[in-house]
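Working notes, beginning with the structure itself.
Values in this text are rule-based calculations from the coordinates and carry no lab data. Bear in mind that the values here come from a model prediction, so they are computed numbers and not experimental data. So basically every Cβ, Gly included, is an ideal-geometry build from the backbone, and we count neighbours across all protein chains shown.
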There are 2 protein chains.
Amino acid sequence: MATIGLIAGGGRFPLLFAESARRAGHRVVAVAHKSETDPELAKQVDAITWVKLGQIGHLLEGLRAGGASQCVMLGSITKKRFFADAMLDATGVRVLARVAVRSDDNLLRAMARFLEEEGVAITDPTPFLADRLAPEGVLGRHQPTPEELEDARYGLELARGIGRLDLGQTVVVKDRVALAVEALEGTDACIRRGGELAKSGGFVVAKAVKPNQDRRFDLPAVGPDTVVSLREARGRLLAVEAGATLVMDLPRMVELADKAKIVLLGLR
Amino acid sequence: MATIGLIAGGGRFPLLFAESARRAGHRVVAVAHKSETDPELAKQVDAITWVKLGQIGHLLEGLRAGGASQCVMLGSITKKRFFADAMLDATGVRVLARVAVRSDDNLLRAMARFLEEEGVAITDPTPFLADRLAPEGVLGRHQPTPEELEDARYGLELARGIGRLDLGQTVVVKDRVALAVEALEGTDACIRRGGELAKSGGFVVAKAVKPNQDRRFDLPAVGPDTVVSLREARGRLLAVEAGATLVMDLPRMVELADKAKIVLLGLR
């Protein structure tokens with residue numbers, strides 16, 4: 001039984017992680033962010049420390065006190081919010097001063113580097129989440145046409161391409177033409193835009209892991225809401241990277257997709 | 001005096017090209033597209049043939065009859081429109097059948113390959129447009145701050161990156177974060193989206209040539225309308241690739257930019 005630290009942001013990921021990790025027999029020591037992290041997390045972990053955004057010194061103490069020499073970072077702490085609301089402690093200022101390019105990834109990498117220097121390694125969360133990752137193949141009842149499969153593969157390739165540039169994770173494709181590419185607006189807004197450009201619907205949405213990040217940060221995630229976005233914009237297929245995309249609630253996703261005649265696909 | 005063919009789409013480019021090329025002493029033989037190309041073009045060229053979208057055989061005859069053994073393609077013929085409205089003649093069907101991936105560039109490349117096989121080479125229009133390309137440096141009255149210059153360089157690098165993927169040409173950046181990336185929606189819509197995400201404005205728009213295209217197709221272009229889009233979205237700087245971006249009306253652009261306190265920048 002290993003002790004694993006959990007630096008928790010907002011949303012359901014930290015809770016899913018805690019549940020999966022403890023089910024696998026691990027001890028989970030969380031550092032949670034006030035007004036970001038779901039207070040429910042306290043019930044799902046073995047120890048919890050609450051910090052404000054930017055209190056990196058305090059965060060490190062929390063992990064050390066809990067005996068975690070490795071940890072994962074999960075949940076949303078948007079950069080936008082970070083720069084607006086952060087209460088930097090002295091350590092926080094020191095860490096941020098080293099970030100030259102303020103992209104999400106660079107910010108997180110600087111924080112990871114700092115924690116590693118202090119003896120707490122940031123690790124890939126996916127091994128703890130195996131039962132939450134998208135499987136390969138067709139996940140629901142509906143099968144893709146050969147053209148849709150081709151669009152899905154092309155979309156996934158483009159999504160990796162924009163990920164390599166540290167832009168977004170999502171691309172909307174129809175008939176081998178990219179309709180919309182995600183930057184800061186988020187997956188749902190990107191899907192809506194695709195729907196506006198493909199007035200008759202029938203497009204493919206592909207979501208991929210950024211190839212040059214090591215899966216420690218910002219795993220792509222989908223859930224029932226993603227299917228609802230596709231349905232509303234009249235999308236036809238959702239392709240995700242198998243084995244590397246967090247799925248929030250697969251049974252519910254499949255149910256919604258089957259009903260809306262949407263194809264769900266895990267691709268490698 | 002060389003004879004140069006002009007395959008003309010919509011918008012002002014074909015007219016600007018004809019004017020510049022004839023001013024430089026060339027004979028211009030145009031093939032224009034009904035309901036796409038400005039009828040004014042007839043007055044600006046030495047010979048003109050009108051075709052419908054997709055009448056590639058007819059187009060080739062027009063160029064040959066005019067004695068053009070090289071030509072340029074300029075002006076908008078959107079792919080969307082092409083597939084909706086094209087009246088393919090037998091040659092058109094033959095050319096299109098060879099296009100596997102229906103991206104803009106691939107479509108144009110297939111057409112260029114066909115014309116070359118038939119003895120009409122598609123050539124880079126920029127040498128004929130030297131007086132219409134963006135110069136290097138600050139073009140108006142307002143200077144960029146060091147941070148804005150950094151954002152502009154970063155944006156141009158990203159714009160080349162998305163161009164390499166055969167996506168759009170435009171990226172909106174603020175504080176080293178990409179806010180919006182263009183796919184099919186067009187430059188103005190991309191700028192508007194950037195403005196919505198950067199509520200306080202002050203962002204940078206960068207537009208670049210697709211690096212792996214040889215400038216024969218789809219040159220990036222800006223004009224007074226681009227400055228108006230920036231002004232409305234409260235953008236602060238427009239960076240274009242010097243020597244490779246068509247400028248529709250530089251004096252008017254500078255006038256508008258100066259008035260709106262927008263920085264205009266040509267970068268290499």
Stick to the Cα atoms of the stretch B:176-268, pair each with every other, and give me the Kirkwood hydrodynamic radius in Å at one decimal. 13.5
Which links in A:199/A:261; B:43/B:207; B:43/B:210; A:52/B:174; B:199/B:261 stretch past 23 Å when you go from one Cα to the other? B:43/B:207; B:43/B:210; A:52/B:174
Only helical DSSP H runs with n ≥ 4 go in: add -39500 (n - 2.57) per run for chain B, normalise by residue count and round the 222 nm mean residue ellipticity to 500 deg cm²/dmol. -11500 deg cm²/dmol
Distant alpha-carbon pairs in the stretch A:110-268 (separation over 22 angstrom), percent: 38
Quick check: net charge around residue B:252, other residues with Cβ under 12 Å of its Cβ, Lys/Arg +1 and Asp/Glu -1? -3
Among bridges DSSP assigns within the stretch B:133-267, what percent are antiparallel (round to 5)? 50
Averaged over its residues, how many other protein chain Cβ atoms are within 10 Å of peptide B:188-200's Cβ atoms? 2
Over all residues in A:162-168, what is the mean tally of Cβ atoms on other chains that come within 10 Å of each residue's Cβ? 5
Please compute the net charge surrounding residue A:268, taking Lys and Arg as +1 and Asp and Glu as -1 over other residues with Cβ under 9 Å from its Cβ. -2
Debye log10 I(q)/I(0) at q = 0.07, 0.11, 0.13 Å⁻¹ for chain B, Cα point scatterers: -0.26, -0.62, -0.84
Run down the aspartates and glutamates and flag those whose C-alpha is under 12 Å from the C-alpha of residue A:34, throwing out any fewer than 8 positions away in its chain. A:85
Counting Lys and Arg as +1 and Asp and Glu as -1, what is the net charge of the other residues whose Cβ lies under 10 Å from the Cβ of residue B:20? +1
Obtain the nm distance between the two label points defined at residue A:117 and residue B:268 by a simple spin-label model: each point lies 7 Å from its Cα along the Cα-to-C-beta direction. 3.8
